[in-house]
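Working notes for the structure below.
The values are calculated or read from the model by the stated rules, or taken from the named source; none is laboratory data. Because the structure is predicted, anything quoted here is derived from the model rather than measured. Cβ sites come from the backbone with ideal geometry, for glycine too, and all protein chains shown count toward neighbours.
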Amino acid sequence: MNKPIAENKKARFDYNITETLEAGIVLLGSEVKSLRLGKASIREAYASQENGDLVLINFNIPEYDLAAKGQNHEPKRFRKLLLHKKEKNKIFGMIKRDGYTIIPLSCYFNKKGIAKVEIAVAKGKKLYDKREVKKKKDWNMQKKML
């Protein structure tokens, strides 16, 4: 994986991640240019099923300033994710049956220059789980200091 454009660092703290996948994303030209400038926020984003497709919702890509009049995009529009049929069916089954959710972990350009999104099938952590993780992290930091 190359250098991320946008990263959701808090996702690993808020969710128990079961599986991660790399998905392609359908973008407009002005969105790609904006991503190349490193302007994107994936923090509030999540994926959902819409008409049999996997769609990324709330992925904020700001408008490209140098785009021609009328050629710009809507910053928080729904963006279709590209997965193989088997992967899609597996994810849809987990969402329906087990109460999992799909969250994006990062967005980046691969070696060929194609925009990719790393998505995770995850289950939300309870508050006491988060406290336990923080306590263990603090304890390990204190042991290193001694």
> What residue, of 87, 50, 63, is touching a Leu at 6+ places or on another chain (Cβ under 7 Å) and among the charged types (D, E, K, R)?
Replying inline: 87
> Any idea how many residues of the stretch 93-128 are farther than 30 Å from residue 33 by Cβ and either in contact (Cβ under 8 Å) with a residue 40 or more places away in the chain or touching a Phe, Trp or Tyr at 6+ places or on another chain (Cβ under 9 Å) (or both)?
Replying inline: 9
> Say we look at the stretch 94-121 and pick out the residues that are among the small types (Gly, Ala, Ser) and modelled with pLDDT of 85 or more; which of these is farthest from residue 61 (Cα to Cα)?
Replying inline: 120
> In the stretch 70-144, which strands (runs of 3 or more DSSP E) lie fully inside it and hold 1 or more residues that are hydroxyl-bearing (Ser, Thr, Tyr) and within 27 Å of residue 28 (Cβ to Cβ)?
Replying inline: 101-109
